[in-house]
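The block underneath contains the structure these notes are about, expressed in structure tokens.
The values are calculated or read from the model by the stated rules, or taken from the named source; none is laboratory data. Computed from a prediction, not measured in an experiment: that's the story for all the values here. Reconstructed Cβ throughout: ideal geometry from the backbone, glycine too, with neighbour counts over all protein chains shown. Side chains are part of the model used for accessible areas, which takes the heavy atoms of the whole protein and leaves out ligands, DNA and RNA. Shrake-Rupley method; radii C 1.70, N 1.55, O 1.52, S 1.80 Å.
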Amino acid sequence: MACINLRAFSLPDTIRAGLENHRAAASREFEDDERDHARRLRCPVLTLWGEFGKVHGLWGKGLHCPHRKTRPRFNMTSDTPIQPMDNEDFDALDAILDDLRTRGEDVPQWEFCEGAMAALLCTRRLVLPDEFLPLLLGTGDSQPGVASGEEGDTWFADEAQYAQFMTLWTRRWNEVASALGANVETLEDERSYHPEVMDVRGAVAGLPEAERAEIGDQELPAFAQVWALGFMFVVENWAEEWAEPRDKEVVAMLNDALEAIVVLTEDDTDEPTVCMHSEDGPPSVSDERLNAFGAAIWAVYDLRQIWQSLGPRVEPARKADEPGRNDPCPCGSGKKYKKCHGA
């Protein structure tokens, strides 16, 4: 490695020249990025920068989400083998959310969180739990076992409950990230992303008549509707990270993918043909809805690829205003600019 003369960087002209070189290089990088990112490369970009790539391994290990110094750290990019979530794990998540809901009415169902998680994995920059949990779960500025004092905010019962939730969240996060990073050609591939969604209408239709009567005319969500609403919740609340890039082709891809998810936020008004809750249940989901659901899953793959190729937003470098030739030189020499660093 070449030896750097640190004393040289104390000279204003040297510093200014170095900054100009950096700006020129950065501008070229921006131009190359805008030209190349629409090519939708999967390799070798993902081989190097993907969830299990070499660069990711070097730079992604230090990410954690401590809520305060005494709180356990949760590695959102763990290199340990992924342990698949099972029904008991999702039941545990539901139980925690149910408990949070006793202290705050706006706590969503897990399906909503599942959609939000997919969107967070697609978002242009990594949003850590300290930033998204207060909005997603409505915990505000609360601490485990301590209310925030704001009306409507909920809070975790204690540190143990928070740790359990974050452990399960991180396991599902890594599971979904692995699925979205897999090179799959069909959604029947066991490695593909399978959102945790529920056919509520099918489940209710299969209940005994007396139990259905208790529900009455309560409006029930369509299949995958809550998942899609959770996804769009993140898009709307982190709008700056989802702002359209300058490349028109990428903008078209972005809008098409988002539209495929927005479709699922609407009701399923077509003729139901299948029950997704049980094989022998009464029809509750239409063929059109199932096709839209498949299109939405592929849209998540597209969105993750788009934003990973672009990377975090970078504010363009702007050249600072130069002083007038007869103004005092900003170096502090007392000379006019034209006779000092403006010569």
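Could you grab me the full set of residues in the stretch 214-228 that are among the hydrophobic types (A, V, I, L, M, F, W, C) and surrounded by fewer than 19 Cβ atoms within 10 Å (Cβ to Cβ)? It would help to see each step written out before you state the result.
Here is the first cut: in the stretch 214-228, the residues among the hydrophobic types (A, V, I, L, M, F, W, C) are 215, 220, 222-224, 226-228.
The answer is ILE215, LEU220.
GLU114 meets the conditions (1) at pLDDT 95 or above; (2) open to solvent by 20 Å² or more (accessible area, probe 1.4 Å); (3) within 23 Å of the chain's Cα centre (by Cα); (4) of a type in the set (D, E, K, R) in every case but one. The failed one is (2). For the stretch 237-247, check the following and say yes or no: at least one residue is closer than 23 Å to ALA119 by Cβ, surrounded by fewer than 17 Cβ atoms within 10 Å (Cβ to Cβ) and more than 17 Å from the chain's Cα centre (by Cα). Yes, the stretch 237-247 contains a residue that is closer than 23 Å to ALA119 by Cβ, surrounded by fewer than 17 Cβ atoms within 10 Å (Cβ to Cβ) and more than 17 Å from the chain's Cα centre (by Cα). When TRP155 is tested against (1) within 24 Å of MET85 (Cβ to Cβ); (2) surrounded by 20 or more Cβ atoms within 10 Å (Cβ to Cβ), exactly one condition is not met: (1). With respect to VAL200, is the statement that it is out of contact with any Leu (no Cβ under 7 Å at 6 or more places or on another chain), buried (at least 16 other Cβ atoms within 10 Å of the Cβ) and of a type in the set (A, V, I, L, M) true? So VAL200 does not fit the description; no. Of the residues making up the stretch 176-193, those that are surrounded by fewer than 13 Cβ atoms within 10 Å (Cβ to Cβ) and of a type outside the set (Asp, Glu) are ASN183, THR186, ARG191.
Output the residues belonging to the stretch 196-213 that are out of contact with any Lys or Arg (no Cβ under 7 Å at 6 or more places or on another chain) and assigned to a helix (DSSP H, G or I). If you could, list the steps in order and put the result at the bottom.
Filtering the stretch 196-213 down to residues out of contact with any Lys or Arg (no Cβ under 7 Å at 6 or more places or on another chain) leaves 196-203, 205-213.
Within the stretch 196-213, VAL200, ARG201, GLY202, ALA203, ALA205, GLU209, ALA210, GLU211, ARG212, ALA213 qualify.
Right, ALA182: on the phi < 0 side of the Ramachandran plot, without any contact (Cβ under 8 Å) to a residue 24 or more places away in the chain and touching an Asp or Glu at 6+ places or on another chain (Cβ under 8 Å) or not? Spelling it out, ALA182 is indeed on the phi < 0 side of the Ramachandran plot, without any contact (Cβ under 8 Å) to a residue 24 or more places away in the chain and touching an Asp or Glu at 6+ places or on another chain (Cβ under 8 Å). Here is a check on your reading of the model: is GLU190 touching a residue at least 40 places away in the same chain (Cβ under 8 Å), within 21 Å of GLU114 (Cβ to Cβ), assigned to a loop (DSSP other than H, G, I, E, B) and acidic (Asp, Glu)? So GLU190 fails the test. Put simply, of ALA205, ALA147 the only residue that is of a type in the set (A, V, I, L, M) and surrounded by fewer than 17 Cβ atoms within 10 Å (Cβ to Cβ) is ALA147. Please indicate, with yes or no, whether at least one residue in the stretch 117-128 is buried (at least 18 other Cβ atoms within 10 Å of the Cβ), modelled with pLDDT under 95, of a type in the set (Lys, Arg) and not in a helix (DSSP H, G or I). The answer is yes; a qualifying residue exists. The single condition among (1) in a loop (DSSP other than H, G, I, E, B); (2) closer than 25 Å to GLU240 by Cβ; (3) open to solvent by 10 Å² or more (accessible area, probe 1.4 Å) that PRO134 does not meet is (1). Note on the stretch 314-343: residues that are exposed (fewer than 10 other Cβ atoms within 10 Å of the Cβ) and modelled with pLDDT of 70 or more total 2.
For residues that are touching a residue at least 60 places away in the same chain (Cβ under 8 Å), assigned to a helix (DSSP H, G or I) and under 30 Å from GLY202 (Cα atoms), tally how many sit in the stretch 217-258. Counting residues in the stretch 217-258 that are touching a residue at least 60 places away in the same chain (Cβ under 8 Å), assigned to a helix (DSSP H, G or I) and under 30 Å from GLY202 (Cα atoms) gives 10.
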